[in-house]
Structure formats: structure tokens, C-alpha cells
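Presented below is the structure to which this report refers.
Each value in this text was obtained by applying a stated rule to the coordinates, not by laboratory testing. Everything quoted here is computed from the prediction, not taken from an experiment. For neighbour counting, all protein chains shown are included, and Cβ atoms are generated from backbone atoms with ideal geometry for every residue, glycine included.
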């Protein structure tokens, strides 16, 4: 009996010691999170899985056929079918609503309205986008964004640039809440200003000027016992909200999950976010009801009194119709939506990239002078600059890759980098028969926009020297999904069009997306 008690006591002692010990490296055997062993830190296991942030729905990725599968009645042929793979990601359950966007403009007014009113005003949607020269819509101009009646309706009159700014603001507010709930920083409401406003990248750069409540223990012996701020390696902060890529948007809209039989065989390739080739429900309970908010035909936006078809002349509440198989609402109809991509007519140039395709990469880095990250004293934002060209790289050579394989000189059969061709182009553009001159040639050769102009501009000739530019430019973005103003053609997930990134309309809204880190399954 005594022997049994001794054995139990020894076992308990071993368990106790093991519980008090540090996790060891499987590579070196050194302790993790132990200043006596160098202080290399690893995050708590609870941060090894990504937390789903507010408003988002998990979209499990996979391969799919992107593009139109049927005849293109408009003969645009700007989205030929091709197979790509999209990684798992998160997407907003529904379009960003007026209430959501008003929270943003309210916060911007509080933070910047007194010191920098132009910055606060720039966040507001263009309510005049509702106006039409031959239609009466003044009620929407005055009430659509402000009235609580329209709280749950999608925000419109927002440009691509404004939508991107909203995504950044939302990222900052979510990460600020995370740090407040973790007791790291102090919730500050009364003294909110441009200087104290929390911004994720500013905080990570060590430039946050708000009130810190509790910093983390720095286990590095060289720190001398000084605390430290939260780092990305701690796993506490959330990734950024952003606009979805065109591939992500189309993949999510089709909602192919649950359409498989016998492993990987699709029952059908959908044209719409639902099964079948009709915009009416085939469900016996809801048979014949419209599944999206769109314009049935010219002059028929909602049906006749007593028998309204889709029920809405303009926008509808963001959760009005049935969601698709991912749980996403209004991936067809209501409002079209901004995507992150720069538009090109060929969505899959020269075979393209088949893993998470995207056009629009401009690689940037924080501006550092004398080993200090530079911050704008007025807005409190960090300064970013394009990364320097790195000729030792094989994956990219320059920061701006928007025109890669379409618009840069390497895409063309003509050598626009030669002196003869640059001189010829300069003379054609200026109407001067003489050479453009060495300095101008050098300037154009080193200016990507100028090289793009050589691809997309042409001179009509004549005495006026009139210039015509293609609609293609680096300032137009992809727009997906049909709207209340569109016919059924635009409800198909494979259709695509474009709009200027600094312009806004009454038929374009947006929703946010976020990277899924780690496991591709939820």
C-alpha cells in the first residue's frame, strides 16, 4: 500500500513539474517563451485558428470554371471560360448597407471633422448619383442615405476609392476593438482626433499615440524588462478587410458547394447563384417568385399593382431574397458590386495565372528615413512608397504590375524601348516631324504610364491633331453582378463590366472580403 502511495505521489509530482515547464522546440530542444533560454516567443494555441470577424461568411475555396458558359449576346467576349483555383476566404454576408456606411461617416466626422473637414466630407456617398435628367428621384437624393427607413438598404453613390477607404477603416475598428477587449489599449471616445485615432499599421509601426492600458511582457533578455506592443506574431490582430477579387466574387456568387456528386463531379455549372436557367423559383412553396431584384424589360421594373414581380423598383433591403449555398445574399441583382481588379478586356491573358488570379498589384512598403517610419502629421497615416526595382528577383521586377502582359512594352510585338520607335511616337503625338529629343525619350522610357499610352492612344491625324484614348486605363475597375437597373443578362455571375474608380452611381454598391489564413476548411 505504501508503495502504491509513493508511486502516485511521484506521478503527481511529474505532472506538476510538466505543467510548470515550458514548451520546447522540436528543432533545438530550447525552451519557448523562456527569457532564460533566449526568450523566443510563440503564440498561445488559441490564436492558431483564425476567428471569423463581424459580418463575414466563410467561403471554402476550390477550382471552378470562370467566365461565361453560354453565348455572349452582347458579343463582348471579355470573359472566356477558363479554369482557376480560388483559395478559401471570407466575404460579407450581404452588401454594405446605409446603416453600416453611416457609422463610418459618423466616425470620420468625429475624428477629422473639426481639424480636417475635407477628409471627413470625402467619405460621404454622392447622393446626387440618384439624379437622372429625365426621371424624378429627388426623394432618394434627400432621404436614401440619411433616413432610417433605408437603414437596411445597400449604400450606393460610393466610388471604388471610397469603398477601399471604408475597408481600411473597418479593419482599424475591428482591431481596435480586439485590443480594447484584450485590455491592451484604452477605449477613447471624448478625445478622438486625427492624432489619437487608432490605425492598425500605425500601431504595428510603434507610432500609435493613443492611451496604452497594458503592454505585453517582452521575454527578450535584451529588452531590459521593458514591455512591448502587440505584434503580428502574437496572432491577436485580424487580417485586413478588402474588396473581393473578380475571381473570388464570381466563385462566391456561383455557390457551387453542395453541387457535387460522386466526389468531384458537378451536377451543373450554374449561370446564376441558384440552380436552373431561370430567374424564378422552382421550389413548390415559392414557385414562380423572382429570385433577384432586376428590370424585367423596358418599362417593367417591378410588375403591375396587385401582382408585383420582384417587388422593388429600385434597391431592396440587403437580406430580402434567398441567400445562395454559401449563405450570401444578393449575389445577383439589387446593386452591382465593386471588385478589386483593374479591368482588362481579356481576363485571362496568355493563359494567365490559374491560382487566385488578380490584376492590380502595386507593391508598396513603408517609407523609412534614418531608420524611422515616416508618418503624416496631419492625418496620422503612414507614408507608403513603391518598392524599389529589384533586378535580382525572378517573381517580379517592378512595383507596379497593373499592365503586365497588357499595356507594358513587354506585351507588344513592337519594341517601344528603342530610340527610333520612341522618337517616332513622340513626333506622332506632338505633330512634330523632328525627333522628340533625348530627355523626352528617357522620360517616357522610365514612365510606365507613358509606355501604356503608346499602347492605347492613337492620333486621328488631320489639322486638329485630335487624340482618341481607349476606354482601357489603369483607373477603371471591374464591376460584377446585375443591379435593379439591369436586365437578366447581367444577373449571370460570368458577366463583367467596368467603371471609373473615382466615379459613383446609384446602381453600384460593394461588400468586403478578407483572406482566410491557415486551414482551407472551417
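Key figures
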| quantity | calculated |
| --- | --- |
| FRET efficiency estimate (nearest 0.05) - Cβ-Cβ, residue 257 to residue 388, R0 51 angstrom | 0.75 |
| Cα gyration tensor, region 327-400 - rounded (a/c under 1.5), prolate or oblate | oblate |
| Whole-Å semi-axes of region 104-237's equivalent ellipsoid (Cα gyration tensor) | 40, 14, 12 |
| Stretch gain in nm, segment residue 362-residue 500, where the contour uses 0.36 nm per residue and the Cα spacing is subtracted | 47.9 nm |
| Those residues of region 175-199 whose amide nitrogen sits under 12 Å from the label point placed on residue 214, 7 Å along Cα→Cβ | 180-186 |
| Stretchable slack from residue 187 to residue 63, in nm (0.36 nm times residue separation minus alpha-carbon distance) | 40.3 nm |
| Label-reachable residues, region 470-508, where backbone N falls under 20 Å from a point 7 Å from residue 289's Cα toward its Cβ | 484 |
| Cα-projected label distance for residue 354 with residue 298, points at 7 Å along beta-carbon direction, nm | 4.4 |
| Per-peptide average of other Cβ atoms within 10 Å, ordering 140-151, 249-260, 506-517 highest first | 506-517, 249-260, 140-151 |
| Pairwise FRET efficiency - residue 305 versus residue 395, Cβ, R0 = 51 Å, nearest 0.05 | 0.25 |
| Theoretical gain in end-to-end length, residue 381 to residue 33 [0.36 nm per residue, Cα-Cα removed] | 122.0 nm |
| Hypothetical label at residue 168: residues of region 194-219 whose amide nitrogen lies under 19 Å (7 Å Cα-Cβ projection) | 194-210 |
